[in-house]
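Report on one structure; see the data block that follows.
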Amino acid sequence: MELRVLRYFLAVAREESISGAADYLHLTQPTLSRQLMDLEEELGKKLFIRGNRKVTLTEDGVLLRKRASEIVELVEKTESEFRETEEVTVGDIYIGGGESDAIRLIAQAARELQIKCPQIRYHLFSGNADDVGERLEKGLLDFGIMIEPSDMKKYDYLKLPVTDVWGVLMRRDSPLAQKETVRAEDLWGVPLLLSRQALGKSRLSDWLERGYDSLCVAATYNLIFNASLMVEEGLGYAITLDKLVNTRDEGSPLCFRPLEPHLEAPLYIVWKKYQVFSRATQRFLQMLREKFQ
């Protein structure tokens, strides 16, 4: 597979149209169609279902789109690293993490480095710990922000000088909103919105004193913003971290109540062991160590 053809394939997948992708790529439609058929023949798989108005991906096409995106992204990241010069630190830094107010600390470090190295660019990826860990392993991220990584042996890391606090996001007119804190037994019989990954962490599971199957789970979520809309519409109570949803405004229909006993989540910025850093990422790591170590 040629990188050029993978880019053609991704353009068609994005445009859902061979003619639209041909216009975007400045190719003739017959040329692009021939390239796609050659790719299908090379792989021995049908990648597209060609309809009258648009093309859609087959199951194999969906898999190739994921892998092709990773390949192209990694190539572009590598090319960027080799464009660095000795005189001026330029390049791209890729940072992934879940939703956490700790990103403010990373932003502060990036801003300080930007003053010295204005040609460094930052690329943020949002996802849960599994998503971030997978992209770290594949070299698609330089750093990941994680809450209590389950396997710290895989990483080098700095512990950030902040912790997030676990609590419950709820409507202001809900019965539990009258409490200053929420205990485990308060949640046993009410509809919950849970991050399945977070419940898998032993500290939160131990705090709840219940397994996932014995709770009244109304929904699960990956990132909290969409879940907060479901809470706002009255679907249930979301167990989440503080400061992710703005509940301080008086006009907000939502409020946050911390757990009792208090449950905190230490935060780390991690990177692969034995990772070879570009000059840009070396400078950024140096800045992080100066601020946090």
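Computed across region 106-156, the Kirkwood hydrodynamic radius from all distinct Cα-Cα pairs reaches 12.5 Å. With a Förster radius of 30 Å applied to the beta-carbon distance between Glu264 and Tyr212, the computed FRET efficiency rounds to 0.85. Checked against a 29 Å cut-off, the cross-linked pairs Lys66/Lys272; Lys153/Lys291; Lys54/Lys138; Lys45/Lys154; Lys66/Lys273; Lys45/Lys272 give Cα-Cα distances beyond that limit for Lys54/Lys138; Lys45/Lys154; Lys45/Lys272. Charging the Cβ of each Asp and Glu at -1 and of each Lys and Arg at +1, and nothing else, the dipole of the chain about its Cα centre rounds to 300 debye. Couplings for region 177-183, taken from phi via the Karplus curve 6.51 cos²θ - 1.76 cosθ + 1.60 with θ = phi - 60°, read 5, 6, 8, 7, 9, 10, 9 Hz in order; Gly and Pro are left as x.
With R₀ fixed at 35 Å, the C-beta to C-beta distance from Asp38 to Lys153 puts the FRET efficiency at about 0.20. Computed log10 I(q)/I(0) for the chain at 0.12, 0.14, 0.16 Å⁻¹: -0.95, -1.08, -1.17, from the Debye equation with unit scatterers placed on every C-alpha and solvent omitted. Computed from the C-beta positions of Asn222 and Thr31, the FRET efficiency with R₀ = 41 Å rounds to 0.55.
Paramagnetic label reach from Leu74 (point 7 Å along Cα→Cβ; backbone nitrogen cut-off under 14 Å): within region 130-164, residues 134-142. Projecting the Cα positions of Cys255, Val182, Pro266 onto the charge dipole of region 147-284 (unit charges on Cβ atoms of Lys, Arg, Asp and Glu, taken about the Cα centre) puts Pro266 furthest along the positive direction. Sorting Ser195, Ser19 by solvent-accessible area of protein heavy atoms yields Ser19, Ser195, largest first, with a 1.4 Å probe. Judged by the mean number of other Cβ atoms found within 10 Å, the most tightly packed of the peptides 247-253, 179-185 leads the ranking 179-185, 247-253. How much of the accessible area of the chain, in percent, comes from carbon and sulfur atoms when a 1.4 Å probe is used? Carbon and sulfur: 49 percent of the exposed surface of the chain. Based on protein heavy atoms only, the chain ends up with 55 Å² per residue of surface accessible to a 1.4 Å probe.
The values are calculated or read from the model by the stated rules, or taken from the named source; none is laboratory data. Please read these numbers as outputs of a predicted model, since none were measured by experiment. FYI the Cβ positions are ideal-geometry reconstructions off the backbone, even for glycines, and counts take in every protein chain you see. Accessible surface is based on the protein model in full, side chains and every heavy atom, while ligands, DNA and RNA are left aside. Shrake-Rupley method; radii C 1.70, N 1.55, O 1.52, S 1.80 Å.
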